[in-house]
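Rule-based calculations on the coordinates, nothing more; no lab input. Quantities reported herein were computed from a predicted structural model and do not represent experimental measurements. Counting neighbours? That spans all protein chains shown, and the Cβs are built from the backbone with ideal geometry, glycine included.
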Amino acid sequence: MTKFIVLLGPPGAGKGTQAQIISKTLDLAHVSSGDIFRENLKNQTDLGKLAQTFMDRGALVPDDVTIAMIQERLGRPDCNNGALLDGFPRTPTQAKALDDMLSENKQNIECVPYINVPGEVLVERLGGRWTCPTCGFVYHEKFNPPINAGICDKDRSELYQRVDDKADTVKKRIDVYWEQTSPLIEYYRENGTLAEIDGTQAIEIVTSQLLEAIQRSNS
Ligand code: ADP
Ligand code: ADP
């Protein structure tokens, strides 16, 4: 049985943090559109260079490019049993494209946990986010700090702050979320897959509520 789960929520809601934990628990591929763009940027591919012009100003990368990238990623063998999607879809066009891609293989989305976090909290979370360039683990200087400030607990790499986590770009990204991504809340509510979760709770509580929601959708 395949299992496709879409994590929905504004920037800073905790999608990446939760996806890293849950993909291991459920043994599902973690497909993060933002991580794929950043990997392409690191390797200076054409896709990475194109994406950067949008990412740096907090705008969305165009749908056609993003959809093609995800279609390629979901076609790889590690997604045969399903995937945990983090950051995709982000527009109604992307959501429709994902439904079409899955239905071609007689698959569908099982559950869409919507991690709900209000705007003021998002700004504080993104302002204090530190990421490991090697393993991608996400920390927060106050809410989920590494043992040694600025150093990854897992591989001792020096942590970095994303350029798009600067205050102005964060504001823009949250606006873009409300304009372009939030209509997906209704889209998935209407098709019965949405499960709303209060993302202001502690990381462990959000994880257990996410797992419960996914389990419920299975039964
Ligand atoms: P997203 O992928 O949705 O943008 P992240 O998982 O990167 O969000 O989390 C954004 C920041 O908030 C990170 O610094 C992370 O450590 C922190 N964070 C995530 N979940 C929580 C939580 N439940 N409580 C407090 N801080 C959190
Ligand atoms: P966050 O974790 O804060 O939500 P992401 O890492 O998911 O941020 O995304 C970073 C940036 O990558 C976005 O601001 C956008 O420019 C681009 N991006 C990621 N996913 C998509 C998508 N599905 N469609 C268009 N652009 C995207």
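Remark on the chain: Rg and Dmax equal 16.5, 48 Å (Cα only). Counting every other Cβ atom within 10 Å of each residue's Cβ, Val31, Val176 order from fewest to most as Val176, Val31. Only lysines eight or more places from Lys171 in sequence, or on another chain, were considered; those with a Cα closer than 25 Å are Lys15, Lys42, Lys49, Lys142. Most tightly packed first, judged by the mean number of other beta-carbon atoms within 10 Å of their residues, the peptides 45-55, 105-115, 140-150 read 105-115, 45-55, 140-150. Ordered by the number of other Cβ atoms lying within 10 Å of each residue's own Cβ, fewest first, Ile5, Ile205 fall into the sequence Ile205, Ile5. Counting every alpha-carbon pair across the stretch 13-124, the share separated by more than 18 Å comes to 54%. Over the residues of the chain, the helix contribution to mean residue ellipticity at 222 nm works out to -14000 deg cm²/dmol, using -39500 (n - 2.57) for each DSSP H run of at least 4. Charge dipole (Cα centre; +1 on Lys/Arg Cβ, -1 on Asp/Glu Cβ; no other charges) of the stretch 7-67 amounts to roughly 220 debye. Distance between the C-alpha centres of the stretch 65-123 and the stretch 27-53: 15 Å, rounded to the whole angstrom.
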